[in-house]
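Read through the structure below, which is laid out as structure tokens, and then see the notes.
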There are 4 protein chains.
Amino acid sequence: MHHQFLPTHYHLTLGPYAPVLRVQSGDSISTTTVDASGCDQHGVSVTPRGNPQTGPFLVEGAEPGDTLVVRIDQIRPNRDHGWARSVVAPNVVDPTYVKQLPEAPLADWQINHDEGTATLKSPLSKLGELTIPIEPMLGCFGVAPFRQQAISTATSGEYGGNMDYRGFKAGTTVYFPVFEPGALFFLGDGHAAQGDGEIAGTGIEISMEVTVTLSVIKGKTIGWPRGENAEFIFTVGNARPLDQSLQHATTEMLRWLEQDYGLDPLGANLLLSQCVRYDLGNMFDPAYTMVCKIPKRWLPVL
Amino acid sequence: MHHQFLPTHYHLTLGPYAPVLRVQSGDSISTTTVDASGCDQHGVSVTPRGNPQTGPFLVEGAEPGDTLVVRIDQIRPNRDHGWARSVVAPNVVDPTYVKQLPEAPLADWQINHDEGTATLKSPLSKLGELTIPIEPMLGCFGVAPFRQQAISTATSGEYGGNMDYRGFKAGTTVYFPVFEPGALFFLGDGHAAQGDGEIAGTGIEISMEVTVTLSVIKGKTIGWPRGENAEFIFTVGNARPLDQSLQHATTEMLRWLEQDYGLDPLGANLLLSQCVRYDLGNMFDPAYTMVCKIPKRWLPVL
Amino acid sequence: MHHQFLPTHYHLTLGPYAPVLRVQSGDSISTTTVDASGCDQHGVSVTPRGNPQTGPFLVEGAEPGDTLVVRIDQIRPNRDHGWARSVVAPNVVDPTYVKQLPEAPLADWQINHDEGTATLKSPLSKLGELTIPIEPMLGCFGVAPFRQQAISTATSGEYGGNMDYRGFKAGTTVYFPVFEPGALFFLGDGHAAQGDGEIAGTGIEISMEVTVTLSVIKGKTIGWPRGENAEFIFTVGNARPLDQSLQHATTEMLRWLEQDYGLDPLGANLLLSQCVRYDLGNMFDPAYTMVCKIPKRWLPVL
Amino acid sequence: MHHQFLPTHYHLTLGPYAPVLRVQSGDSISTTTVDASGCDQHGVSVTPRGNPQTGPFLVEGAEPGDTLVVRIDQIRPNRDHGWARSVVAPNVVDPTYVKQLPEAPLADWQINHDEGTATLKSPLSKLGELTIPIEPMLGCFGVAPFRQQAISTATSGEYGGNMDYRGFKAGTTVYFPVFEPGALFFLGDGHAAQGDGEIAGTGIEISMEVTVTLSVIKGKTIGWPRGENAEFIFTVGNARPLDQSLQHATTEMLRWLEQDYGLDPLGANLLLSQCVRYDLGNMFDPAYTMVCKIPKRWLPVL
């Protein structure tokens, strides 16, 4: 079944809140998200800033210990301008270089929906005009955390959250561990495009129309977000420093290869050792994000 | 001019040693490297293990403060088998997971030169047979470090060294800061292929035939290794934790964009913020390696 | 005014929960805490494990932006045995050493209240019997976090939480930023003694009788927990890695010296640079804790 | 036997250099060190800056795999003024705070030898005058590294080097692993006093008169510097981030307790878990330093 949902309020924490909609496993939802500052498709501020989340959506039958499957069917900006910070964050440059970072106001990026591009006009700098392809993605989405916590949309964890990974775009399927009955799925913080690491602290922030399909895998327990696209399966680790993010993601991938691909520990290690690829999600948020990937073509045929 | 050089001894540190050959800026050198364990094209141990280096090669006219340009013209395995560790290193998984890592002997990978593949037969694991394309690369190469240090080929720094980055393959040009007269260039530690991060502590370790072209850019001073290939320009940071590697690489990229691409600080930041890409070199060696990249198509036209 | 409060339920997250008692600024509260596993003074499990918290206590008049002052008047174990993990955590040893860590059951420590000591009998090891002085402390305490979050008692942040610092003992005064009306103060997780770093993941875990005096400093805003005892003023940073904990604590100390001790930025830096002391709180919890201290005798006389 | 040695040249790297003096195991040496900038007891620059080292001293009979014992008999400033940086380093504060760090010239500290104090007059700041006790210490000392490396006196490792730990003062005995025949002992970089962490990048830098007694423990192999004073035994880990320094030091302490104090692995873990203390050496140099300590009174009686 397909649901159309229009949000009337938003959350700045992921937690065990009353669901805005109850759906069956396998249902799709089309909805909207406001941008990170709480502005909607008209650029009007409708809720306080800080990655406001649409949701939560309750999936009937999801219980702690299950896995929630989120297929990102479509994500597209629903207005023609985004905003972004102009200067990289002080934590991504040498501490001795921080004083050389310039100060600058937010940058405006104009979206050309027909051409699928975003254009920056930067009158204050010599860069002039810069046009890049858009790759719409979700910066912050996930489920209610374990132990009935309510956690700020600034950060991320096993439950997902503000992972700010370029790979979370249309055509990608994401798996989350379920901690609360009904999973309680949230989404928001769309980016028209983003560099690796979200090193300025924002992508091109914009409101979105999003369609997702939610389903439940009963009795399957995972430790960290997982995902797949046409080419890769991947796991996501969220922590500081980057080393620990990578450790979480790598450990989760070893577990996945053993659980679902029929490999013994040695086989999982052998496959990973020469075939692994890593992506940097973000190195800006309180928890950084690293992604561990294996090309599907090298997975064992089950 | 093109030189053919056959090494008769090797170095386990990069330092201010007597050159084995003096070349002019613009000359090419074809030579061989032994594998990380000191074995040559016949699989015979000819020197102690630990990333033995061929060289150093002195480039006439290179002075401290200049930049050495190393174009990797060709790199190909010169025997038909490589070896690799089978199990990922304990520092790339969760500390609580380390006890679950299996123990296993080294893995043998057979090279098919015609097909450009490496094949692992793993009779001890359920993985069975795994065939992947080879992508020959240099694990450890660079110049004599600053302050007349002599530094182990296990690690890396501003001078290059054991960076273990998959991107150091044929067709790539690498730039090193010059610290000693003549630059004193070393190379070794070839890998037929390697996963991101060199997370098992080795790639597919093998001896190589390598051709490089060395030249000098007088009066140009850089802070960290830089490079370029058909698609990207990139900078390399070597340190622990990964966060610091990324900081070094990002800072060096900002400097590069300002020095050579006519950008002011704000322009360099704007370009980097939404267009940057990062690669993980290694997360195994004493210094980890992160690579900061900008697609050439988004660079300002000078 | 002095309150005697007997808890009937506990919290496993610090959040904006209904207060169990409302007190005036300047009031004292004597209450009890269960141990980290939820066992009371009789060793009986009365609530689920995980640093259950007594509270929250609402202090009338405390508003966001104020500071809550917590004087730890008394803290003493109210039973004669504590428990502890026997083996250090895998994250505090070299990754390559983890496999050599032994497996062992929990250790029992007997408390001698008259002598103020804890004694371990370790029949499984050659250590034999070990008697050390007790230094009762609070492992986890603090206020409701910002943005109405509810955060697990496993970790810590600007609001306090599971800091596991040996210095939080009787005679110490602690300052917390106030994020919710009434501050909402929680306490629990008593340790009869603890090594620096809580490196085995526990101190000597035990139930306690605790007396605290709570008061409010109106209009004073701080960024991280602060404290003082007879000898030092100190600031507390909670994050990973340890480097970041130290950065938070050091920055907060610079701010304190400027705000309250009449120093200009240069003076605060000069004082800190040669006089600072650091303590390691914990290196086990999701957020690590470092403490930055200045001896009171070197503070400017106001 | 007691040697008086007057240096005529200095080293900026620790490496396998020609010894300036050969001594027998058990001999004492009285010598001088210049300050970190290469200035001697007259404040005259006699060698280039960068922690110039006196030595190396060769101890007859020391072989790789042995341990060098260095008792610091005496260390006292031999002039009446030291210098220090005035502002903490950008890596010890929050990255977002770096721009608020002031700029200031070096600070002069006057030494009162009779009273054992150092006094700062800071006319540029409100701090005014600050007098603290001196605690003379060695910032950088150690032996020639493994693999015949020559490593900058800016950093540290298993061989010692620039550890900048306040505990390296008179009355302390330090143990170093021997990597080169004769050990080749270097010393320099004296500080009249230093805060924990050397967070401004210097202590009170001054030239020194130093007396050490060198001896060899044949056949005893250690992994990292160890030490002892009247109250503690301790181990030293040098790496980044602080977490890894602590891991090295803790692992080395577990090994020591098992090797020399008759403990089994469980006993070593039990002792460490509730009795360990940590000191911060430095968090400024390329490798940070953490020190793991056990009070001698809790060590097993052998």
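Residues that are in a strand (DSSP E or B) and either within 14 Å of chain A (Cβ to nearest Cβ) or in contact (Cβ under 8 Å) with a residue 12 or more places away in the chain (or both): does segment D:94-105 have at least one? No, every residue in segment D:94-105 fails to be in a strand (DSSP E or B) and either within 14 Å of chain A (Cβ to nearest Cβ) or in contact (Cβ under 8 Å) with a residue 12 or more places away in the chain (or both). Annotation note: of C:ALA239, C:ALA200, C:ALA193, C:ALA150, the sole residue that is modelled with pLDDT of 95 or more, over 12 Å from the mean Cα position of the chain (by Cα) and assigned by TED's automatic domain parsing to the domain that holds C:VAL276 is C:ALA239. Among residues belonging to segment D:256-275 that are part of a helix (DSSP H, G or I) and of a type in the set (A, V, I, L, M, F, W, C), point out the one that is farthest from the chain's Cα centre (by Cα). Of everything passing the filter in segment D:256-275, D:LEU266 is farthest from the chain's Cα centre (by Cα). When the test is whether a residue is in a strand (DSSP E or B), under 16 Å from B:VAL291 (Cβ atoms) and within 14 Å of chain A (Cβ to nearest Cβ), B:GLY195 does not pass it. Just to be sure, is B:PHE234 under 22 Å from B:GLY55 (Cβ atoms), at pLDDT 95 or above and either of a type in the set (Phe, Trp, Tyr) or in a helix (DSSP H, G or I) (or both)? When the stated conditions are applied, B:PHE234 does not pass them. The residue that is nearest to D:GLU205 (Cα to Cα), counting only those in segment C:255-269 that are within 7 Å of chain D (Cβ to nearest Cβ) and free of Cβ contacts under 8 Å to residues at least 40 places away in the same chain, is C:ASN269.
Among the candidates A:TYR175, A:TYR165, the residue that is part of a loop (DSSP other than H, G, I, E, B), of a type in the set (Phe, Trp, Tyr) and in contact with a strand residue (DSSP E or B) (Cβ under 6 Å, 6 or more places away or on another chain) is uniquely A:TYR165. The residue list B:PRO286, B:PRO300, B:PRO295 contains one member that is at pLDDT below 95 and either in contact with a strand residue (DSSP E or B) (Cβ under 8 Å, 6 or more places away or on another chain) or more than 7 Å from every other protein chain (Cβ to nearest Cβ) (or both), which is B:PRO300.
Taking the listed residues B:GLY65, B:GLY116, B:GLY43, B:GLY82, the one that is touching a Ser or Thr at 6+ places or on another chain (Cβ under 7 Å) and modelled with pLDDT of 95 or more is B:GLY65, with no other qualifying. I'd like the full set of residues that are more than 11 Å from every other protein chain (Cβ to nearest Cβ) and assigned to a loop (DSSP other than H, G, I, E, B), limited to segment B:107-143. B:HIS113, B:ASP114, B:GLU115, B:GLY116, B:PRO136, listed by residue number. None of B:ARG71, B:ARG79 is assigned to a loop (DSSP other than H, G, I, E, B) and either basic (Lys, Arg) or buried (at least 19 other Cβ atoms within 10 Å of the Cβ) (or both) except B:ARG79.
Against the conditions (1) at pLDDT below 95; (2) under 24 Å from A:GLU205 (Cα atoms), B:LEU272 satisfies every one except (1). Restricting segment C:1-38 to residues that are away from every other protein chain (no Cβ under 14 Å), in contact (Cβ under 8 Å) with a residue 60 or more places away in the chain and assigned to a loop (DSSP other than H, G, I, E, B) leaves a set whose member that is surrounded by the most Cβ atoms within 10 Å (Cβ to Cβ) is C:ASP35. Return yes when D:ARG147 is in a loop (DSSP other than H, G, I, E, B) and either touching a strand residue (DSSP E or B) at 6+ places or on another chain (Cβ under 6 Å) or not aromatic (Phe, Trp, Tyr) (or both) and no when it is not. Spelling it out, it is not the case that D:ARG147 is in a loop (DSSP other than H, G, I, E, B) and either touching a strand residue (DSSP E or B) at 6+ places or on another chain (Cβ under 6 Å) or not aromatic (Phe, Trp, Tyr) (or both).
For B:ILE132, the conditions (1) within 30 Å of D:LEU14 (Cβ to Cβ); (2) touching a Phe, Trp or Tyr at 6+ places or on another chain (Cβ under 7 Å) are fulfilled apart from (1).
The values are calculated or read from the model by the stated rules, or taken from the named source; none is laboratory data. Computed from a prediction, not measured in an experiment: that's the story for all the values here. Quick reminder, even Gly has a Cβ in these numbers, built from the backbone with ideal geometry, and neighbours come from all protein chains shown.
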